1. Which of the residues belonging to the range 44-79 are near the ligand (Cβ under 10 Å from one of its atoms), in a loop (DSSP other than H, G, I, E, B) and either at positive phi or surrounded by 16 or more Cβ atoms within 10 Å (Cβ to Cβ) (or both)?
2. Are any residues in the range 264-295 away from the ligand (no atom under 14 Å from the Cβ) and either farther than 25 Å from GLU214 by Cβ or of a type in the set (Gly, Ala, Ser) (or both), and if so, which ones?
3. Could you list, in sequence order, the residues of the range 330-348 that are part of a helix (DSSP H, G or I) and touching a residue at least 12 places away in the same chain (Cβ under 8 Å)?
4. Please verify whether GLY290 is modelled with pLDDT under 95 and of a type in the set (Gly, Ala, Ser), treating the condition exactly as stated.
5. Would you confirm, using the coordinates I've provided, whether GLY304 is within 16 Å of the ligand (Cβ to nearest atom), touching a strand residue (DSSP E or B) at 6+ places or on another chain (Cβ under 7 Å), of a type in the set (Gly, Ala, Ser) and at positive phi?
6. Which condition does GLU90 not pass, out of (1) touching a Lys or Arg at 6+ places or on another chain (Cβ under 7 Å); (2) within 11 Å of the ligand (Cβ to nearest atom), if it passes all the others?
7. Picking from VAL225, VAL195, which residue would you name as being at negative phi and touching a helix residue (DSSP H, G or I) at 6+ places or on another chain (Cβ under 8 Å)?
8. Any residue at all in the range 311-318 that is in contact with a helix residue (DSSP H, G or I) (Cβ under 6 Å, 6 or more places away or on another chain) and farther than 30 Å from ALA180 by Cα?
Amino acid sequence: MRATGGGAHEKVKNADVVVVGAGPAGAVAATVLARAGARVRLIDRAAFPRDKLCGDTLNPGALALLRRLGLSASIEERGLPVHGMRVTGEHGVVIEGRYPGDLCGRALVRRDVDWALLAGAMAAGAAFEPSVAVRRAIVDERAGGPVIRGVVAGAERSERDLHAPVTIAADGRHSTLAFALGLARHPRWPRRWAVGAYFENVGDNAAGLSTFGEMHVRRGRYIGVAPVPGPLTNVCLVKPSAPGDPSLHDPAAALRQELARDPMLRDRFAHARLVHPPVVIGPLAVDACGTGIDGLLLAGDASGFIDPMTGDGMRFAIRGGELAAVAALEALEHGWAGVHDRLAARRQREFGAKWRFNRALRALVASPLAVAAAALGARVAPGVLQAVINNAGDCDVSATCRA
Ligand SMILES: Cc1cc2nc3c(=O)[nH]c(=O)nc-3n(C[C@H](O)[C@H](O)[C@H](O)COP(=O)(O)OP(=O)(O)OC[C@H]3O[C@@H](n4cnc5c(N)ncnc54)[C@H](O)[C@@H]3O)c2cc1C
């Protein structure tokens, strides 16, 4: 295969692969494909750098993957180190766990993380087109079953067909392509929404552990707190909700109220100032369904999203983007026979145990006694807590880094 000299705004003719979405999954998939010599058209409805609601922490496993791909340098240079997790529950319960050895994650706003990854994709030769929204897939029914031949993109009156033998849908949690093709749906339960914002002038936590990620688990909801360079503090509230929920009509007020009534957070946020209006998204959970359609591969949140509590979405997106790129190369070389099955098996092997762990943690959040029980467990068997912290942070870096 031939590599194109890619770059921002450059259009590629006769693309081998159209990658929809230039977040971590799309940027990594585009990088791997372009490095292998594929002609890659990477499109996003946004102009970059762009903001994205997130807890802004890359866990040690995600960072190790980026290091292996040669994409971590500016993130490691600019991000604040994250050495472990501090989880609090009601009635003053606190559990702390440090990542093992010299492992650490990084906290950096997504605007900078995603821009760094996109720059890597363009440097590898992917042709990036910003501000191009995908409307739908080009579905060819002539082959006996549906086959995706590319996508229709652009504004209503200026739509254009972007043909390619492989399309990768990396267009995030509410993927236009996956939802329209019946490959993703929001489950009936849980229905949680996130409110994310940046504050300045936030006080230190009681332990002064400003290099630990924080998760404050309360009855049915939780609040993530992470200092990021700036100096700003990222705050994400995740709570049960529904469309039109009156408690989220004024998200800034909802966030302030939540912080002000919390005995462990109110003093730290007493003099804090909200820097931008909060962003609200939901419902959060997305289930993947269906067996795949030839011509199309899913990566990142478009292929399913469990819950942000474990802070590992970017690890799934980075590795998922890489696995989708490998599958795309197989399809280009040998056709589609077996491609979806092999990709599903690889994803199951690499992500299956972590998906189960994340679902179990998601269920625990619904229980008011969960953190207290975990704190008791941590006192009785500290090794168990350490294993949970290691697992949440994807600290088995040797497994995570197998190419
Ligand atoms: C509240 C919250 C906190 C989180 N905190 C963390 C954390 O601390 N650490 C962590 O690792 N993960 C975290 N996550 C998860 C993480 O944000 C995601 O898993 C990650 O962003 C997935 O990357 P992606 O590339 O699949 O999708 P995205 O990052 O969402 O990128 C998708 C891209 O597709 C583009 N797009 C969408 N639709 C179209 C279209 N129709 N046409 C063209 N382009 C389109 C978008 O503009 C976007 O750039 C959090 C998630 C939430 C909700």
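1. Of everything in the range 44-79, those that are near the ligand (Cβ under 10 Å from one of its atoms), in a loop (DSSP other than H, G, I, E, B) and either at positive phi or surrounded by 16 or more Cβ atoms within 10 Å (Cβ to Cβ) (or both) turn out to be ASP44, ARG45, ALA46, PHE48, ARG50, LYS52, LEU53, CYS54, GLY55, ASP56, ASN59.
2. Within the range 264-295, the first condition is being away from the ligand (no atom under 14 Å from the Cβ), and the residues that meet it are 264-277, 287, 289-295.
Of everything in the range 264-295, those that are away from the ligand (no atom under 14 Å from the Cβ) and either farther than 25 Å from GLU214 by Cβ or of a type in the set (Gly, Ala, Ser) (or both) turn out to be ALA270, ALA272, ASP287, CYS289, GLY290, THR291, GLY292, ILE293, ASP294, GLY295.
3. Residues satisfying the conditions are GLU330, ALA331, LEU332, VAL339, HIS340, ARG342, LEU343, ALA344, ARG346, ARG347.
4. Yes.
5. yes
6. Status for GLU90: all satisfied but (2).
7. VAL195
8. no
The values are calculated or read from the model by the stated rules, or taken from the named source; none is laboratory data. Everything numeric here is computed off the predicted structure, so don't read it as measured data. Every residue, glycine among them, receives a Cβ derived from its backbone with ideal geometry; neighbour counts consider all protein chains shown.
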